[in-house]
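K.L.:
Pasting a structure below so you can have a look.
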Amino acid sequence: MSVEPDKVVEPVETTAVPLLHGAPLTDSFGQAVLHVTREQYTDVMCRLADDGYTVAIDLTAVDYLEFAGRVLPDGVEPERFEVVVNLLDLVNRKRLRVRVQVPEAEPAIPSLFDLHPGTEAFEREVFDMFGIDFTGHPDMTRILMPEDWDGHPLRKDYAIGEIPVQFKHVGAR
Amino acid sequence: MSDTTIDPGAPWTTLAPTEQTGEGAQEMKRRSELGPRELLREVGSVLRMSEAEVAKLGELPPAPDEDQTMIINMGPQHPSTHGVLRLMLELQGETVLRCKPIIGYLHTGMEKTGEQLTYMQGGTNVTRMDYLSPFFNELAFSMATERLLGIDGDIPERAVWMRMLLSELNRMSSHLLFLATNGMDIGAVSMMIYGWREREEVLRFFQKVTGLRMNHNFIRPGGVAADLPPGWRDDVLRLLDMIPPRLDEYDVLMTGQPIWRERLQGVGVITPDEALALGATGPVLRSTGVAWDLRRDLPYLHYDEVDFDVIVGSYGDAFDRYAIRLNEVRESMKIVRQILDRMPQGDYRVQNKKVTPPPRARIDESMEALIHHFKIFTEGFKVPAGEVYVGIESPRGELGCYIASDGSATPYRMHMRAPSFAHVQCLPHMMRGGLVADAVAVISSVDPVLGDVDR
């Protein structure tokens, strides 16, 4: 029952990692995670859709700028960004998470729009918040932030920012 | 005074809405500036059409005049847009040809804020996202945190049942508010008063339990914040006695009324394929006949031990979505009755010194307890590195919480999968070809919460 948060999770040895569509399949707290490369991404997503993962329920990204030491299966090069897609199989009632490494030098990844049109808004949100370009997306514009905004707020090197509050009419009291 | 001069004689129509405000490319373009890909996004994507077919769809219906469409702007201050949703509509006469939702007016960077707050404080942040169902936000966040901590199996029974009780009552209050606003949007103004009145009764119970009507921060990692107050059972029973006859009144007032049915039936139709492709969940998906409810299909808490029905529609129209929510209130009451029977005695939070602060009485007598309490509330507790996604069935659909942890006391990344965010992108498909007056009914039937959309 006791929790040991400081315990470092040992990476699973190479031989034990099973493959699904040529990509390593790992387990994260009881949830299935598939690590695909950018080159495999579109192809694997199509095959997963054929396997029954017909709904892309969520698409988001993580900026791992300040946390380089994360555990990844062997053969997966850690990059700065990671696009995370949560898939849902309605028939067999299971979930699968797909993680794709996206390098900082070329933050771009193919869009899932043709396969899962429902990711349209989610991809726009990731573009807005992380500056990751989804090639093939029909409308790659900002969705939450104003059009003329500089920077991508959820990147780790984007300051939280403070707005200096100027109390007006203080002297007038 | 600004230095721009306005020619009073200039016709106002020369300015496109895109020129009147400064947001540029997010907005709907004039038809003459459209490329086929833009049309594909708006009409053809879900239907898996070729670009040629889409271009044909994008052509205007036959009409005597050339260029007879008009782009109008609806919202963000429009009263029926449930907050600050803004729609650009292209109209031909009264028919909606295209619709583009524009969101972000309520964006406050809550996911960024969530990275600065400890897991202990995170609940105060997430509870404000979908402000009509705060318990669900807290529940998703807490379940994700507990999963990372590895204590998801250790939550005491009473806490689990309390979470279910509050969730189902919250589902009732949220749906009652939907019935109120849906009635108001469509013209049954008295329904607005009734819906808010019943919701207030539920919120009164929440206030008694948590101290607050909304934004409770009551469900926390490790359990809940406090035990149920004395007399809670009588309060819940009073609610369960009071609401069913009032739901029957709603049936008389709305469900059976020919005007109500005319107004909603066949409006805002979405097919099962479209709904699934667009990531719709909850009542929007169930209205198309897809019986998908996470409480039954991927059970969490103890939903596999209670008996309830998943309400599905068959036409995917606004009336089905209304009827589903109305009947889900009844199903929730059925669940609440079972929870009342099964509510166990015991602890309301996990007794794990890492995540649980010591009881108040211990602080008076033990220095260590005081230090422990202080450290938990200032530094928080560390959560093992890793990433996890937890999805639950909120009143609006699948509410998911994705947390990536780097082993510190704050989430490295906290993302909420908001059902309303996915549902807003269903609006263009539901509105296409309908009347502009039905646009209001369609927005209302989707029940978006803009705090959830923009976060």
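K.L.:
Return yes or no: is B:Thr410 within 13 Å of chain A (Cβ to nearest Cβ) and either surrounded by fewer than 19 Cβ atoms within 10 Å (Cβ to Cβ) or among the hydroxyl-bearing types (Ser, Thr, Tyr) (or both)?
P.N.:
Taking the combined requirement at face value, the residue satisfies it.
K.L.:
Further question: Select, from B:Ala140, B:Ala144, B:Ala159, the only residue that is hydrophobic (A, V, I, L, M, F, W, C) and more than 14 Å from chain A (Cβ to nearest Cβ).
P.N.:
So the residue among B:Ala140, B:Ala144, B:Ala159 that is hydrophobic (A, V, I, L, M, F, W, C) and more than 14 Å from chain A (Cβ to nearest Cβ) is B:Ala159.
K.L.:
Starting from the range B:90-107, keep only residues that are within 19 Å of A:Glu147 (Cβ to Cβ), then list their pairs with residues that are in a loop (DSSP other than H, G, I, E, B) whose Cβ atoms are within a distance under 6 Å, requiring at least 6 positions of separation or different chains.
P.N.:
Filtered contacts from the range B:90-107: B:Lys100/B:Met28; B:Gly104/A:Leu144; B:Tyr105/B:Pro76; B:Tyr105/B:Val84; B:Leu106/B:Val84; B:His107/A:Leu144.
K.L.:
Scanning the range A:141-157 for residues that are at the interface with chain B (Cβ under 8 Å from one of its Cβ atoms) and surrounded by fewer than 18 Cβ atoms within 10 Å (Cβ to Cβ), which turns out farthest from the chain's Cα centre (by Cα)?
P.N.:
A:Asp148
K.L.:
Quick test of your reading of the structure: B:Met214 fulfils all but one of (1) in a helix (DSSP H, G or I); (2) under 18 Å from B:Val449 (Cα atoms). Name the failing condition by number.
P.N.:
The one condition B:Met214 does not meet is (1).
K.L.:
Can you tell me how many residues in the range B:76-89 are in a loop (DSSP other than H, G, I, E, B) and in contact (Cβ under 8 Å) with a residue 24 or more places away in the chain?
P.N.:
5
K.L.:
Confirm whether B:Ser394 is in contact (Cβ under 8 Å) with a residue 12 or more places away in the chain, within 14 Å of chain A (Cβ to nearest Cβ), polar (S, T, N, Q) and buried (at least 17 other Cβ atoms within 10 Å of the Cβ).
P.N.:
Judged against the criteria, B:Ser394 is a match.
K.L.:
Let me ask something else about it. Looking at B:Pro221 and the list (1) farther than 20 Å from B:Leu132 by Cα; (2) surrounded by fewer than 20 Cβ atoms within 10 Å (Cβ to Cβ), which single condition is not satisfied?
P.N.:
Tallying (1) farther than 20 Å from B:Leu132 by Cα; (2) surrounded by fewer than 20 Cβ atoms within 10 Å (Cβ to Cβ), B:Pro221 fails exactly one: (2).
K.L.:
Being of a type in the set (Gly, Ala, Ser) and within 21 Å of A:Gln40 (Cα to Cα) is the filter; apply it to the range A:87-140 and report the residue that is farthest from the other protein chains (Cβ to nearest Cβ).
P.N.:
Filtering first and then ranking leaves A:Ala105.
K.L.:
Hey, does the range B:355-374 have a residue that's outside any strand (DSSP E or B), modelled with pLDDT of 90 or more and either within 23 Å of the chain's Cα centre (by Cα) or surrounded by 24 or more Cβ atoms within 10 Å (Cβ to Cβ) (or both)?
P.N.:
no
K.L.:
Could you count how many residues in the range B:233-284 are of a type in the set (D, E, K, R) and more than 19 Å from B:Ser314 (Cβ to Cβ)?
P.N.:
Total meeting the criteria: 8.
K.L.:
Checking the condition at pLDDT below 90 and within 28 Å of B:Tyr105 (Cα to Cα), which residue from A:His116, A:His169 passes?
P.N.:
Answer to the selection: A:His116.
The values are calculated or read from the model by the stated rules, or taken from the named source; none is laboratory data. Every value quoted in this text rests on a predicted model; they were computed, and no experiment measured them. Backbone-built Cβ (ideal geometry, glycine too); neighbour counts: all protein chains shown.
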